[in-house]
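Below you'll find the structure, written out as structure tokens, and then a few comments.
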Amino acid sequence: QVQLAESGGGLVQPGGSLRLSCEASGSIFRLNAMGWYRQTPGKQRELVASITSSAATNYADSVKGRFAISRESAKNTVHLQMNNLKPEDTAVYYCNAVGRSYSYLVQDYDYWGQGTQVTVSS
């Protein structure tokens, strides 16, 4: 009942920048947090950055100082500004939202986007 629409992925050279966006839509009752995860083949999906409804942020050590997460609460939208990109940042990036839908009010649930590819290569 909650859908996450991702955009902004693509191919960029090392040192370049990309801006990912994710908008949640549907029967949203409350979202406690939104964020971005990434995954490469054969590796565990890992948290990149997250932001709560109170604007508290969390970043993976590998992206601190290079990435910045922000939100537009009225639109249930989150952005990830990625600067000084490195080849190691290459992955599929997944938007995540934690909260409740009007159609499922029993408990909080994790909602996931379909993923957007980020490739950093010269």
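Brief remarks follow.
- Residue check, Ala55 assigned to a loop (DSSP other than H, G, I, E, B), of a type in the set (A, V, I, L, M, F, W, C) and either in contact with a Lys or Arg (Cβ under 7 Å, 6 or more places away or on another chain) or open to solvent by 30 Å² or more (accessible area, probe 1.4 Å) (or both): yes
- Top-ranked residue of region 10-47 - restricted to ones that are assigned to a loop (DSSP other than H, G, I, E, B) and either among the hydrophobic types (A, V, I, L, M, F, W, C) or in contact (Cβ under 8 Å) with a residue 60 or more places away in the chain (or both), ranked as nearest to Asn83 (Cα to Cα): Ser17
- Test for Val98: is it touching a helix residue (DSSP H, G or I) at 6+ places or on another chain (Cβ under 6 Å), on the phi < 0 side of the Ramachandran plot, of a type outside the set (Lys, Arg) and in contact (Cβ under 8 Å) with a residue 24 or more places away in the chain: no
- Restricted to region 1-42, and to residues there that are within 20 Å of Val106 (Cα to Cα) and hydrophobic (A, V, I, L, M, F, W, C), the residue that is surrounded by the fewest Cβ atoms within 10 Å (Cβ to Cβ) is Phe29.
- Scope region 80-89; condition on the phi < 0 side of the Ramachandran plot and surrounded by fewer than 17 Cβ atoms within 10 Å (Cβ to Cβ); matching residues: Gln81, Asn83, Lys86, Pro87, Glu88
The values are calculated or read from the model by the stated rules, or taken from the named source; none is laboratory data. This one's a predicted model, so the numbers in the text were calculated from it and none came from an experiment. Glycine gets a Cβ as well: all are built from the backbone with ideal geometry, and neighbour counts include every protein chain shown. Heavy atoms of the whole protein, side chains included, go into the accessibility calculation; ligands, DNA and RNA do not. Shrake-Rupley method; radii C 1.70, N 1.55, O 1.52, S 1.80 Å.
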